[in-house]
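Report on the structure given below.
The values are calculated or read from the model by the stated rules, or taken from the named source; none is laboratory data. These figures come from a predicted structure and were not determined experimentally. Glycine also receives a Cβ, built like all others from the backbone with ideal geometry; neighbour counts cover every protein chain displayed. Each accessible area value is taken on the protein alone, full model and side chains, heavy atoms only, with ligands, DNA and RNA left out. Shrake-Rupley method; radii C 1.70, N 1.55, O 1.52, S 1.80 Å.
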Amino acid sequence: MTNHMVSTIRSRAPKADRVFISVPATKGAPRRDLTYGDALAASSRMARALVARGVVPGDRVAVQVEKSPEAIILYLACLRAGAVYLPLNTAYTLAELEYFLGDAEPRVVVAAPERAAEIEPLASRLGVAFTETLGVDGQSGTLLELASLCEPAFEDVPRGADDLAAILYTSGTTGRSKGAMLSHGNLASNALTLAEAWRFTPDDVLLHALPIFHTHGLFVATNVTLMAGSSMIFLPRFEPDEIMRLMPAATVLMGVPTFYVRLLQHPELGRETTRGMRLFVSGSAPLLAETHAAWAERTGYAILERYGMTETNMNASNPYDGERVAGTVGPPLPGVEIRVTDPDTGAPLAQGEIGMVEIRGPNVFKGYWRMPEKTSAEFRLDGFFISGDLGMIDPRGYLHIVGRGKDLVITGGYNVYPKEVETEIDAIPGVAESAVIGVAHPDFGEGVTAIVIRKPGAQVDERTILSALEGRLARYKLPKRVLFAEALPRNTMGKVQKNLLRDENKDLYARTKAG
Ligand code: AMP
């Protein structure tokens, strides 16, 4: 048996002298280029270092480090050693780490050098055998010290398609975060499908400004690059000036919708500055149709929106060649099945009806780590995964995501899909964006509540919004209150955190009644 994921990458024969990851020069450090040949040698050394720490196939290696090429080398080393790569959000606090390390029981924890002193005692209390460190400069950290003593050759540990490659904890806005178990087959099949669907070649250079502890930056961006033998320019964070500066050296940008919103505010964005690009991909949160239109107008490119999640990798994508329709995430990717069902009964719904999005295919994860009940509750007997997203399939066969099921507002017994109300509000002059949530209401169960962000200088108020919506939406869908804010709370992946908005406003109608 070969090592499924690694041999799939090898079979694509990336050229040894082709740059895999390039880190632009900064004030303090020169540019760093790591070729595919370098990555192979460095991951051999790192795999040996892991084995020296007693890592055996199936062991978890938990990693909470800043973004660097070496973190990707560590990911490759884990794959090659048959270990399970477990990246953790760099923002997690010690208290949060306690849960993840206790739950995942890794053999090794790799921490940023500056956090090792606080993480090491916690890890050893939880029975983790080794805490190592890894810096961002390609030289610092105990893991690199250990690796530098090892031979640059390693025989890949055999792994089948069903063996675990990674555990990614879901962002978990309600309840405990769950560890999604992803197999070698999940990762390899999705990366091959995407590389083909998006026409990646060895000549591509991807501008990579996403975090690498999340499925978007780690799997979508990095695995697709690996499968095509392309290059990535690695940026520590998204910074519009830096993206604009580097764009002439790149061909593809992958981002969350906020990237595009912010780049549109950049005076240099235009046809000339984007001339060398061939593809702009957006995902992880809904891209507003307005952003899609503004981008097309400024650059001449239609952003390609795709849809996926930690548990499933990518499920649907607007086409490379066909029509990219704003506000949709396109048809299912080849090999992936998507159906829309009645959320209560699971019965399939007709095209055009809104219901639960369910997914089946080689991309769908193996279940939640040590949570068999949660896992079986989220799969149908015929193998479809119940995504938790509500959606609809249009006559073209394109999927529309209407929002998370738990964001659905039920008011006076009627279902209100926030996106429908948000789309109407966003179309009102003076509105930049909006979020619609359900807030406990003494008469209606939940009251439809809108939080609106004004465009700079706009005067629009609650009365203007409500009168603009009159006649455009059924009465029960109209917001009971429209509130204004400076910005919507978003997480690192650009998702609006509606749970925070619900929390902040939970007494809104109670207060109104009392007052
Ligand atoms: P995560 O597991 O953090 O990647 O989050 C996955 C969730 O992000 C999905 O279940 C959707 O709710 C949302 N999502 C991802 N891509 C899109 C998209 N293109 N449009 C709307 N929602 C999206």
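Taking every DSSP beta bridge that has both residues in the chain, what percent is antiparallel when rounded to the nearest 5? Within the chain, antiparallel bridges account for around 60 percent of the total. Given +1 at the Cβ of Lys and Arg, -1 at the Cβ of Asp and Glu and no other charges, the dipole of the range 74-129 around its Cα centre is 260 debye to the nearest 20. Accessible surface computed residue by residue for the chain, with neighbouring protein chains in place and a 1.4 Å probe, gives 42 Å² per residue.
Projecting the Cα atoms of TRP369, LEU483, ALA91 onto the charge dipole of the chain, computed from C-beta unit charges around the Cα centre, puts LEU483 farthest toward the positive end.
Note on ARG176 and SER140: the model spin-label points, each 7 Å out from Cα along the C-beta direction, lie 3.5 nm apart. For GLN351 and LEU466, a Förster radius of 51 Å and the Cβ-Cβ distance give a FRET efficiency of 0.95, rounded to the nearest 0.05. For SER11, the accessible area of its heavy atoms, probed at 1.4 Å with every protein chain present, is near 90 square angstrom. Computed over the chain, relative contact order equals 10 percent, with contacts defined as Cα pairs under 8 Å that lie 6+ residues apart. For the range 412-480, the relative contact order comes to 33 percent (Cα pairs under 8 Å, sequence separation of at least 6). Between the amide H of ALA440 and those of GLY447, distances stay under 5 Å, these residues lying 5 or more places away or on another chain, with hydrogens modeled in the peptide plane. Shown are GLU305, GLU118, GLU373, whose ranking by accessible area with a 1.4 Å probe and every protein chain present, most to least, is GLU373, GLU118, GLU305.
Between the listed residues ALA111, SER22, ALA39, the Cα displaced farthest toward the positive end of the dipole of the chain, a dipole computed from Cβ unit charges relative to the Cα centre, is found at SER22.
For helix 36-52, what angle does its Cα long axis make with the longest principal axis of the chain, in degrees from 0 to 90 and rounded to 10? The answer is roughly 80 degrees. These residues, TYR307, TYR417, go from largest to smallest accessible area, 1.4 Å probe, as TYR417, TYR307. The relative contact order of the range 252-350 comes to 20 percent, based on Cα pairs under 8 Å that sit 6 or more residues apart. Put a dot 7 Å past the Cα of ASP203, heading toward its Cβ, do the same for THR26, and the two dots end up 3.3 nm apart.
Placing +1 on each Lys and Arg Cβ and -1 on each Asp and Glu Cβ, with no other charges, gives the chain a dipole about its Cα centre of roughly 200 debye. Comparing GLY494, TYR509, ASN415 along the charge dipole axis of the range 382-513, the residue lying farthest to the positive side is TYR509, per the Cβ-charge model. Projected over all directions and averaged, the alpha-carbon convex hull of the range 320-474 occupies 12.7 nm².
With respect to the chain, whose longest principal axis is taken over its alpha-carbon atoms, helix 116-125 is tilted by about 90°. Extension gain, ALA129 to ILE410: 0.36 nm times the residue separation minus the Cα-Cα distance gives 96.2 nm.
Computed from the C-beta positions of ALA161 and LYS374 and an R0 of 25 Å, the FRET efficiency is 0.60 to the nearest 0.05. Our helix-only sum for the chain, with -39,500 (n - 2.57) per DSSP H run of n ≥ 4 divided by its residues, gives a mean residue ellipticity at 222 nm of -8000 deg cm²/dmol. The gain in end-to-end length when the ALA153 to TYR320 segment is fully stretched comes to 56.2 nm, 0.36 nm per residue minus the alpha carbon separation.
Annotation: Cα Rg of the chain relative to the compact-globule expectation 2.2 N^0.38 Å equals 0.99. Taking the 1.4 Å solvent-accessible surface of the range 227-337 as the whole, the part contributed by carbon and sulfur is 54%.
Label-to-label distance for ARG245 and ARG396 is 3.8 nm, based on points extended 7 Å past Cα in the beta-carbon direction.
Ligands, DNA and RNA excluded, the heavy atoms of ARG454 present near 90 Å² of accessible surface to a 1.4 Å solvent probe.
Sorting ARG237, ARG12, ARG306 by accessible area puts them as ARG237, ARG12, ARG306; the probe is 1.4 Å, largest comes first, and only protein heavy atoms count. Counting only Cβ charges, +1 for Lys and Arg and -1 for Asp and Glu, the dipole size of the range 427-493 around its Cα centre is about 140 debye. Close amide H contacts of ASN3 (hydrogens built in the peptide plane, cut-off under 5 Å, sequence separation of 5 or more or a different chain): ARG159. The simple Förster model, with R0 at 60 Å and r as the Cβ-Cβ distance, assigns ALA52 and ALA485 a FRET efficiency of 0.70. Taking all protein chains as they are arranged and a probe of 1.4 Å, the heavy atoms of ILE354 leave approximately 60 Å² accessible to solvent.
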